[in-house]
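Some notes on the structure that comes next.
We did not get these values from a lab; they are worked out from the coordinates using the rules stated. Quick caveat: nothing in here was measured; it's all calculated off a predicted structure. Cβ placement follows ideal geometry from the backbone for every residue including glycine, while neighbour counts extend to all protein chains displayed.
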Amino acid sequence: MSDGNGANGDLRERLERRATEVRSQLADRLDVLEERRRRLAGLARSAARPPTSVLLFAVLGASAAALIVVQLQRRRHAQRQRAIAALFSRDPPRPAEPDGVLTHGLKRGAASVLALAVQRLGARALDEVLRERVPPRPLPPRPRVVEHG
């Protein structure tokens, strides 16, 4: 009977050792998976932020550049037309018509909004670029409550 208990004891010890090894392997795999998850979450967070502001800044810059080019072409065309008219006409050249009050106000408002948007986006981009990466601080230890009983 004692031989049976000894054999069962050896088998039990081997099974417990094997179970401990399997638990250790599972814990290691869980740690690796958790680390991968953290890295992917950080990568996703960092990849999600900047393109929106960069894209918005690029669209605003392209819009402003397009407006400037259109205005310059119109101005050159108008100057060319006035020069041609002055050469072939006996009448004195007419001065360019001033913008109406509404048009003038809209142009100034649009310029102000564009300037404000560029300023804010520039400040935000600088904040992103120059932001210091501060490592997270560990939490302070909790005070222990001593029970008097």
Review point. What FRET efficiency do you get for Glu97 and Ala125 if R0 is 35 Å and r is their Cβ-Cβ distance, rounded to the nearest 0.05?
Key: 0.30
Revision key, fill the gap. Candidate cut points under trypsin sites (Lys or Arg not before Pro) in region 56-139, DSSP loop plus at most 11 other Cβ atoms within 10 Å of their own Cβ, are Arg90, Arg131, Arg133
Exercise for review: Report the longest stretch of the chain that contains none of the GluC sites (Glu not before Pro) sitting in a DSSP loop with at most 12 other Cβ atoms within 10 Å.
Suggested key: 1-131
Point to revise | Calculated [θ] (222 nm, deg cm²/dmol) that DSSP helices of n ≥ 4 give over the chain, each run adding -39,500 (n - 2.57) | key: -28500 deg cm²/dmol
Exercise for review: Take the chain, compute every pairwise Cα distance, and split them into 5 Å bins from 0; I just need the percent in each bin.
Suggested key: 1, 6, 6, 8, 7, 7, 7, 7, 7, 6, 5, 5, 4, 4, 4, 3, 3, 2, 2, 2, 2, 1, 1, 1, 0, 0, 0
